[in-house]
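Just below is one structure, and these are the notes that go with it.
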Amino acid sequence: MMILALPAIACPADAGEGWITGTVYESGGRLMGTLIPGDPIDGATVQATGSPHSTTTNSTGRYNITVPDGNITLQVSATGFNTKTSGTIIVKDNNTTAGQNFILEKPSGNLTGTVLDADDGKPISLAIISFPTGGIISPSAITNGSGVFVVAGLPVGALGMNLTVLPPYNSFNFTAQIRAGQNTTMNFLLRASSYVSVLVKDISGNPVPNATLVLGNYSGTADASGQVFIDIRPGAYEMAISAPGFLTVTQPVNISKGELAQFEATLTKAPAGTSGGTAAPFGGLLVALLVVAVGIAAAGALCFLLMRKGRKGPQAPLRPPQAMQQPQGAPPGPPTGPFPGAPPPPNPK
């Protein structure tokens, strides 16, 4: 009987398998720099890198992929979104590794720039630059003390954005063209709104419609109520108000940044036979009244002096011409008489 010795042959063990599950979302924006999930993505592809194992998400964004046990890396892609790769996922034989969720972002870019005062170039802090339809949380930024802002993660394309500022500046909307993976720079110069409002009346207190207000290169026309209102840059101006048939009045004014300066002007009729002219400044009527009052007072004083000069007989002085001298070394006391012009003392009885 012959016995053959055969070499031992090791048969490979069957490779183990496991499962990975999770959900794929589109980005809902960033909160404090962290992505938050938005709507689920239907039809996203989930692929185990380096292997033929893959699957797609359902209408709720869920997936369940079968993979070999061991260290696995997943790559997730969807049309219109940036591809995302996971870290290492440890899969055990015949076990499910759950909760492997992904948030995919659309191609994006950044908007950077400054917000400054148009008149003095100073930075405007606390201005808010935002994209109001950017998702659950809109991408936004607030200018720092230097007026600088950076809005990150904006979707690609022409975006309608908002710039919100505190008074005396005005908020407004603008369009920014965002390109994938690039920084778009936009700098803003804002002018603080200053206004001048003048109520124009005649000497009887009636409104003067169509009166013209001029301050440097700025002008406006009064409405039916005599009110004229203009937007103006801050600074020093010579204000002039005119109307057909009235004398023009002028007034130097200094308009501050963000100020609403309000005035009331009274126009007087131009002399007969003239089309106009220039009157005193806004305070001219008050000055004229003061001049008349001073003239009346002066005339009254002159009449009083003339009446005193024409009065006969000696006049008692307003006070004694001199006081009696006290003897040397005597304590001071009230002055004694008689004083010139004073009546004689009564005779003792």
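The values are calculated or read from the model by the stated rules, or taken from the named source; none is laboratory data. Keep in mind it's a predicted model, so treat the numbers as computed, not measured. All Cβ positions, even for glycine, are placed from backbone atoms using ideal geometry, and neighbour counts span all protein chains on display.
The table below lists the values:
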{"quantity": "Residue list for the stretch 160-184, restricted to those being more than 27 Å from Arg233 (Cβ to Cβ) and either within 23 Å of the chain's Cα centre (by Cα) or surrounded by fewer than 16 Cβ atoms within 10 Å (Cβ to Cβ) (or both)", "calculated": "Gly160, Ala176, Gln177, Arg179, Ala180, Gly181, Gln182, Asn183"}
{"quantity": "Failed condition for Gly147, given (1) crowded, with 18+ Cβ neighbours inside 10 Å; (2) on the phi < 0 side of the Ramachandran plot", "calculated": "(2)"}
{"quantity": "Filter result (modelled with pLDDT of 95 or more and in contact with a Leu (Cβ under 7 Å, 6 or more places away or on another chain)) within the stretch 50-84", "calculated": "Val76, Ala78, Lys84"}
{"quantity": "Meets criteria (of a type in the set (Lys, Arg), assigned by TED's automatic domain parsing to the domain that holds Asn173 and either farther than 18 Å from Ile36 by Cα or loosely packed, with under 15 Cβ neighbours inside 10 Å (or both)) for Lys122", "calculated": "yes"}
{"quantity": "Selection within the stretch 49-77 - out of contact with any Ser or Thr (no Cβ under 7 Å at 6 or more places or on another chain) and among the small types (Gly, Ala, Ser)", "calculated": "Gly50, Ser51, Ser59, Gly70"}
{"quantity": "In the stretch 152-193, the residues that are hydrophobic (A, V, I, L, M, F, W, C) and either assigned to a loop (DSSP other than H, G, I, E, B) or in contact with a Phe, Trp or Tyr (Cβ under 7 Å, 6 or more places away or on another chain) (or both)", "calculated": "Leu154, Val156, Leu159, Met161, Leu163, Val165, Leu166, Ala180, Met186, Leu190, Ala192"}
{"quantity": "Top-ranked residue in the stretch 123-177 [being of a type in the set (Phe, Trp, Tyr) and under 16 Å from Thr112 (Cβ atoms); ranked as modelled with the lowest pLDDT]", "calculated": "Phe131"}
{"quantity": "Meets criteria (surrounded by fewer than 17 Cβ atoms within 10 Å (Cβ to Cβ), free of Cβ contacts under 8 Å to residues at least 12 places away in the same chain and in a strand (DSSP E or B)) for Ser204", "calculated": "no"}
